[in-house]
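In what follows, a single structure is set out as structure tokens and then discussed.
The values are calculated or read from the model by the stated rules, or taken from the named source; none is laboratory data. Fair warning: this is a prediction, and the values are worked out from it, not measured in the lab. When we count neighbours, we look across all protein chains shown, and the Cβ atoms used for this are built from the backbone with ideal geometry, even at glycine.
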Amino acid sequence: MPEKNLETLLSSMNPHLHSNEFVFCSASEHELRSLDITPLCLFREDEAVSLIVEKCAADRVSLSTRACGHLLHARSTQTSRL
């Protein structure tokens, strides 16, 4: 049976901090189609498309960036269907 106890799930996490920096940025749909980048994640919003991309990729295509940080990947040895 899958583990559902949050305390157990959190204590079984094995986090890994990626060395690459990631940034939030935004672009219009038109700009996005012309950019040579692969976003980690994107959100289509009414006013623009918000992206999470590697900082070096954003710099390479001259995207203005907002918040910067590192990706923390956490995997649990337990599985859950909360």
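Structural remarks
- Against the list (1) surrounded by 10 or more Cβ atoms within 10 Å (Cβ to Cβ); (2) at pLDDT 70 or above, the condition Ser80 fails is (2).
- In the range 31-45, the residues that are within 18 Å of Cys56 (Cα to Cα) form Cβ pairs under 9 Å with partners that are among the basic types (Lys, Arg), at six or more places apart or across chains, as follows: Asp36/Arg60; Ile37/Arg60.
- In the condition set (1) touching a residue at least 40 places away in the same chain (Cβ under 8 Å); (2) surrounded by 16 or more Cβ atoms within 10 Å (Cβ to Cβ); (3) under 14 Å from the mean Cα position of the chain (by Cα), His70 is compliant with all but (2).
- Of the criteria (1) modelled with pLDDT of 85 or more; (2) touching a Lys or Arg at 6+ places or on another chain (Cβ under 6 Å), which one Pro2 fails: (1)
- Flag for Ser64 being of a type in the set (Gly, Ala, Ser), surrounded by 10 or more Cβ atoms within 10 Å (Cβ to Cβ) and modelled with pLDDT under 90: no
- Long-range neighbours under 8 Å by Cβ, at least six apart or interchain, first residue free of Cβ contacts under 8 Å to residues at least 60 places away in the same chain and among the charged types (D, E, K, R) within the range 1-22, second surrounded by 10 or more Cβ atoms within 10 Å (Cβ to Cβ) and assigned to a strand (DSSP E or B): Glu21/Glu54; Glu21/Cys68; Glu21/Gly69; Glu21/His70
- Residues of the range 15-43 satisfying the condition of being among the acidic types (Asp, Glu) and surrounded by 11 or more Cβ atoms within 10 Å (Cβ to Cβ): Glu21, Glu31
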